[in-house]
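Read-outs throughout are calculated quantities, based only on the coordinates presented, and are distinct from any laboratory measurement. These figures come from a predicted structure and were not determined experimentally. Cβ sites come from the backbone with ideal geometry, for glycine too, and all protein chains shown count toward neighbours.
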């Protein structure tokens, strides 16, 4: 019950109306450390009335409001994950993606500000909107 109250508060803090679908998808994304495919999320919500289109719309709403992001897997499928949240319940979009070379799961890892590499200054007129850190290795489950 406390978790549900936290989810309500979190959605409102992000400027979103609280709906049962948003609560369901938020719960799935909060309950895993790895990025999930659209079908993974549907599998985890089996038994609910969540359909593919509603899930896509919900994920896109989360992305638009800065709650979640999508990352391409090694086989170029989109995976979805929440942005890491710091101790103050503030969404952080400065993070790295760790890809396990054995199981291919993708984890979002916070980047320490002092260790993060800034986006390079653009030359030749390129406008850099975002940058991504991809790390490869072996996750704790495969190690």
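I need the calculated FRET efficiency for the pair residue 12 and residue 63, taking r as the beta carbon distance and R₀ as 22 Å, to the nearest 0.05. Don't skip to the end; give the middle numbers.
Working: r = 18 Å, r/R0 = 0.83.
Efficiency, rounded to the nearest 0.05: 0.75.
Using a ≥ b ≥ c from the Cα gyration tensor of segment 1-47 (square roots of the eigenvalues), is it rounded, prolate or oblate, where a/c under 1.5 gives rounded and otherwise the larger of a/b and b/c decides, a/b for prolate?
Working: a/c = 1.88, a/b = 1.81, b/c = 1.04.
Because a/c hits 1.5 or more and a/b exceeds b/c, segment 1-47 counts as prolate.
Quick check: pseudo-label points 7 Å beyond the Cα along Cα→Cβ at residue 40 and residue 71, how many nm apart are they?
1.0 nm
Stretched out fully, how many nm does the piece from residue 23 to residue 135 gain, at 0.36 nm a residue minus the Cα gap? Spell out each step's value before the answer.
Numbers: separation 112, 0.36 × 112 = 40.32 nm, distance 3.06 nm.
Answer, rounded to one decimal: 37.3 nm.
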